[in-house]
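The values are calculated or read from the model by the stated rules, or taken from the named source; none is laboratory data. In this text, all values refer to a predicted model and were calculated from it rather than measured experimentally. Glycine gets a Cβ as well: all are built from the backbone with ideal geometry, and neighbour counts include every protein chain shown.
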Amino acid sequence: MTKKARAQRIHQQLEEFFPTVGPALDHRDPYTLLVAVLLSAQTTDKKVNEVTPALFQLGPSAAIMATRTSDQVLEIIRPLGLAPGKSRNVVAMSKLLVERHGGEVPANLPDLEALPGVGHKTASVVMAQAFDVPAFPVDTHIHRLAWRWGLSEAKNVEQTERDLMALFPRDSWNKLHLQIIFFGRQYCPARSHKPDSCPICSWAFADKRRKLEATR
């Protein structure tokens, strides 16, 4: 089976399992989405959603958050991983949004990636979910599944992103990256995974195993 055919079959299955998907991070506008995604690194979405109501009460906009201190932010987001650095980035990012963009979140990747604490993946999520611009944010989970399913042999998320963009229709990217994340959480975890019982790995990973064994 070619990678293109494999991708089409996987796409069909994901549509069957998750015909409708929505963002996992609670937010109300591009700014609160940007903050939530920034906070989600090395932390579960559930934990982020637990702290953001109080955080967005403290700073509901970039203009207001820019007047807060990193200690005030840290007090709220302390349960999250990497909290000290994230608290500094939230305040610094908000100040830069006010200084460079009038307090608004820019709708382009270069300006987003220039903000403190905002990498390519975070910027891609904001482009996809806040502005509905086609993007394929790839985190370590999607990177892992792309390898398991034989869609990419890349060693890093940047190349995996390019591989997946080449395999799937552009108009499916925004929905598809969420479908893969939700599927991974429910059926294809990183640990204690049983490929034979997974609806996709049961056939896609089996093909990969055969190829790996053939090269030994």
Legend entry - The one condition in (1) surrounded by 15 or more Cβ atoms within 10 Å (Cβ to Cβ); (2) in the same structural domain as residue 188 (by TED's automatic domain parsing); (3) within 24 Å of residue 189 (Cβ to Cβ) that residue 153 fails to fulfil: (1)
Legend entry - Test result for residue 134, assigned to a loop (DSSP other than H, G, I, E, B), under 28 Å from residue 183 (Cα atoms) and modelled with pLDDT of 95 or more: yes
Legend entry - Which numbered condition residue 160 misses (of (1) modelled with pLDDT of 95 or more; (2) surrounded by 13 or more Cβ atoms within 10 Å (Cβ to Cβ); (3) more than 17 Å from the chain's Cα centre (by Cα); (4) not acidic (Asp, Glu)): (3)
Inset, instruction - Can you run down the residue pairs with Cβ atoms below 6 Å, 6 or more apart or on separate chains, where the first is in segment 95-110 and on the phi < 0 side of the Ramachandran plot and the partner is assigned to a loop (DSSP other than H, G, I, E, B) and aliphatic (A, V, I, L, M)? - result: 95/66; 96/115; 98/66
Inset, instruction - Determine if segment 175-188 includes at least one residue that is more than 16 Å from the chain's Cα centre (by Cα), in a helix (DSSP H, G or I) and closer than 18 Å to residue 3 by Cα. - result: no
